[in-house]
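Inspection log for the structure reproduced underneath, given as C-alpha cells.
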Amino acid sequence: MKNFFLLITLPFIFGCTNAQENKTGDSFKATKVPVKEYNCTSNPCGNTATGEDPSDISGKKGAAILDEIRYGDEDKLRWTAIALSSDSEKNDNLKITLIRAVNFKMQLNPILGNITFSKSGVEHTFQIASPRGEKGGLCPEYTITVNEASSSHAIIKKSCLRYNYKPGRYFMSVDYYLYDFEIAIMRNIWRSSVQINSPLPEAKPTPAVKKIKNGYRFDWIGMFPSDNLPSKMEIHNTYLREKDKKGSNVLICTDTSAPRNKGIENEMCEGEVLTRVSPR
C-alpha cells in the first residue's frame with residue numbers, strides 16, 4: 001500500500017507508478033489512466049534526458065504536486081488529496097494541517113495507534129487503533145482521512161482495509177469520529193463493518209455535522225451497508241457538551257427521533273468514545 005494517496009486525476013502519476021486499487025471507497029478516489037510505460041534498455045536509462053527511469057520521474061512529479069497541496073493554503077483540497085496511512089514510515093506523511101489559518105494540525109502515530117490534534121500549544125491525543133504489529137486485531141492496515149474541519153472540531157474517517165483473517169473470512173470497516181477541541185473528546189458517530197469479500201462499507205452520503213448551541217447535530221439518511229443487503233437508515237442525533245456525575249466533560253448523544261426520555265445514548269448513538277491518552 002502506498003504511504004500516501006493523491007486523490008486527483010494525474011495521469012502521469014497513476015499511469016507510471018505501481019497501479020493500486022482504490023482501497024478506501026468513494027470519498028477516497030483516484031482515477032487511473034492507462035499510460036504506456038517505456039522500459040529502460042540501459043543503465044543509466046537511455047529513454048530520458050536525465051537517464052532516470054520514466055516511473056521515477058513521474059513519481060517525483062507526483063510527490064512535488066502532493067507537497068504543493070500539503071503545504072498550500074487550500075484546506076479542503078488538502079483534506080481531499082491527503083490520507084494518513086498506518087504503514088507510513090516518513091513523519092511528513094503522518095501529519096496534516098486541518099486549518100492553516102489557526103495552525104490546527106493532526107498527526108497519526110501508527111506505532112502506538114495514537115492520533116494527536118494540536119492548536120495554540122494545546123495537544124489532545126487519543127487511542128484510535130491498536131499499536132502496529134499487535135496480534136489478534138482485525139484492522140492491521142488502515143487509513144485516516146479528514147471529511148470536515150473547523151478551528152474547533154473535525155470529522156475524521158478511519159477505514160480498516162480488507163483483512164483476510166482466516167480462509168474465506170474477511171473484515172473491513174469504516175468509522176466516522178467527531179472530535180471536539182473545546183472539551184477534548186473524540187467519539188464515534190457512524191460505523192459499519194462487513195466480513196465478506198466486498199467493497200468497503202462506505203457511508204453514502206458522507207456524514208457531516210451542524211454546529212448548534214453547546215454542541216452538534218448529526219442527521220444522516222441513507223442505505224446502511226452490511227453483510228446482507230443494504231437497508232435504509234435514518235440517524236437524527238445531537239451531541240451536547242455536559243458534565244458527568246464525576247464532573248468530567250462529556251459529549252452526550254441524544255437520539256431526537258426517540259420517544260421522550262428514551263433517546264439518551266440509545267442504540268442509535270454509536271457508543272465508542274476514544275480513550276484520551278493525553279492530557280489524562
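The values are calculated or read from the model by the stated rules, or taken from the named source; none is laboratory data. No experiment lies behind these values; they were computed from the predicted model shown. Positions of Cβ are generated from backbone atoms using ideal geometry, with glycine treated the same way; all protein chains shown enter the neighbour counts. The area values use the complete protein model at the heavy-atom level, side chains included, leaving out ligands, DNA and RNA. Shrake-Rupley method; radii C 1.70, N 1.55, O 1.52, S 1.80 Å.
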For strands (runs of 3 or more DSSP E) lying entirely in the stretch 63-166, having 1 or more residues that are among the charged types (D, E, K, R) and without any contact (Cβ under 8 Å) to a residue 12 or more places away in the chain picks out 153-166
So Ser130, is it farther than 19 Å from Val273 by Cβ and open to solvent by 10 Å² or more (accessible area, probe 1.4 Å):
no
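Results for (1) out of contact with any helix residue (DSSP H, G or I) (no Cβ under 8 Å at 6 or more places or on another chain); (2) at pLDDT below 95; (3) over 12 Å from Tyr176 (Cβ atoms); (4) surrounded by fewer than 16 Cβ atoms within 10 Å (Cβ to Cβ), shown as yes or no for each residue.
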site: Pro205; (1), (2), (3), (4): yes, no, no, yes
site: Val209; (1), (2), (3), (4): yes, no, no, no
site: Asn214; (1), (2), (3), (4): yes, no, yes, yes
site: Asp219; (1), (2), (3), (4): yes, no, yes, yes
site: Phe224; (1), (2), (3), (4): yes, no, yes, no
site: Leu229; (1), (2), (3), (4): yes, yes, yes, yes
site: Glu234; (1), (2), (3), (4): yes, no, yes, yes
site: Thr238; (1), (2), (3), (4): yes, no, yes, no
In the stretch 154-183, what residues are under 17 Å from Leu274 (Cα atoms), open to solvent by 10 Å² or more (accessible area, probe 1.4 Å) and not β-branched (Val, Ile, Thr)?
Lys158, Phe181, Glu182
Quickly run through the stretch 203-238 and pick out the residues that are among the charged types (D, E, K, R), out of contact with any Gly (no Cβ under 9 Å at 6 or more places or on another chain), free of Cβ contacts under 8 Å to residues at least 12 places away in the same chain and part of a strand (DSSP E or B).
Lys210
Can you pull out the residues in the stretch 224-250 that are among the hydrophobic types (A, V, I, L, M, F, W, C), touching a strand residue (DSSP E or B) at 6+ places or on another chain (Cβ under 8 Å) and within 19 Å of Asn197 (Cα to Cα)?
Phe224
